[in-house]
Amino acid sequence: MEYHVDDRALEAEEFLGFASRVWPGDYDVEKTRAALTRTLNITARDGERLAGCLRILTDGYFFGTITELLVLPEYQGRGVGSALLRLAREHAPTLLYFGAQPGVEGFYEKNGCKRSLQAYCIEPQG
């Protein structure tokens, strides 16, 4: 497995094909392309295949968040997610906050993450 920090070669089409295998949805390619330029993208590649991706959105000083940590199902349980989290810890310029899907809290705690603030969301109007 080869890991890339700040993977600027990550294309929207590749990311969407990968992400839809983990988190199916109807995503817009152009909006995805713009989103990828605004995040620090840490990727795991098995040869040419994108196997995992962790994205960080940060202002560089006060706040950072992991927008998602995705690993293809066939690579889960093989240390890919743990390696991506370790690289995030090493390369993030700020403290990172993020939400976790129910049932995976143990993975994050095993990797040294601590429970923090209660999360809320505000949905856009219109």
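Annotations
- Summed over qualifying helices (DSSP H, 4 residues or more, each -39500 (n - 2.57)) and divided by its residue number, the chain shows a 222 nm mean residue ellipticity of -8500 deg cm²/dmol.
- ³J(HN,Hα) computed for each position of region 46-61 - Karplus, 6.51 cos²θ - 1.76 cosθ + 1.60, integer Hz, glycine/proline x: 9, x, 8, 7, 6, 9, x, 8, 10, 10, 10, 10, 8, 8, x, 9
- Whole-Hz Karplus values for region 114-122 come out as 10, 4, 9, 5, 5, 9, 9, 9, 10 Hz, taken residue by residue from phi with 6.51 cos²θ - 1.76 cosθ + 1.60 and θ = phi - 60°; glycine and proline positions read x.
- Subtracting the Cα-Cα distance of GLU123 and ASP46 from their residue separation scaled by 0.36 nm leaves 24.1 nm.
- Over 24 Å [Cα-Cα, the chain], rounded percent: 27
- Comparing mean-square fluctuations of VAL29, VAL104, VAL80 from a GNM of the chain with C-alpha springs under 10 Å, the top value falls on VAL104.
Each reported figure results from applying straightforward, stated rules to the coordinates on display, with no laboratory input. Owing to the predicted nature of the structure, the values given are computational and were not obtained by experimental measurement.
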